[in-house]
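Inspection log for the structure reproduced underneath, given as structure tokens.
Each reported figure results from applying straightforward, stated rules to the coordinates on display, with no laboratory input. A quick note: this is a predicted structure, and the numbers were derived from the prediction, not measured. Here the Cβ is made from the backbone with ideal geometry for all residues, glycine too, and neighbour counts use every protein chain on show.
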Amino acid sequence: MQGLLGRVRATAEGDEGGEELNAERAALGQGLTAMETMLGKLGESVHHVGLQGNRVLMALADLIEGWLLVRHAAVALGRAKENPGDKAFYASNVASARWFCHEVLPGLEHAARMVERGDLKLMNLPDESF
């Protein structure tokens with residue numbers, strides 16, 4: 001997991017796509033920070049894994065999808081210069097990455113807030129409650 005998140009961080013902190021993808025790489029970095037917050041909470045108790053696992057896994061999927069889209073957009077920007085006849089196709093790749101980074105990745109911050117405020121009260125119920 002740390003290796004994968006390290007690759008996401010390298011893209012977020014790198015310069016793939018140049019200045020044209022600065023905002024998207026920044027959104028990716030914010031999503032990564034949110035993911036690290038969630039993983040920290042899961043490390044507090046195995047019960048948090050059970051209670052928050054689905055939220056964290058969905059957020060991880062969004063983060064990885066955003067990462068791949070940013071990388072894909074960087075490739076598309078380069079290819080558009082090499083193949084001007086396919087410019088519209090490559091522009092759509094960049095547009096989809098931008099949309100995802102600005103519309104979906106901010107949701108990771110909300111997910112992180114939900115995970116952070118999670119408690120273990122449910123786990124403290126007596127066995128008779130079930």
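Annotations
- Where labels lie 7 Å past Cα in the beta-carbon direction, separation of GLU82 and SER129 in nm: 6.0
- Length released on extending from VAL49 to ALA95, taking residue separation times 0.36 nm less the Cα-Cα span: 13.1 nm
- Computed over the Cα atoms of the chain, pair by distinct pair, the Kirkwood hydrodynamic radius stands at 16.0 angstrom.
- Full extension of the segment from GLU20 to ARG113, taken as 0.36 nm per residue of separation minus the current Cα-Cα distance, would add 30.5 nm.
- Whether the range 1-40 is rounded, prolate or oblate, judged on the alpha carbon gyration tensor where a/c under 1.5 counts as rounded: oblate
- The range 74-130 and the range 7-30: distance between their alpha carbon centers, rounded to Å: 14
- For the range 32-130, the relative contact order comes to 40 percent (Cα pairs under 8 Å, sequence separation of at least 6).
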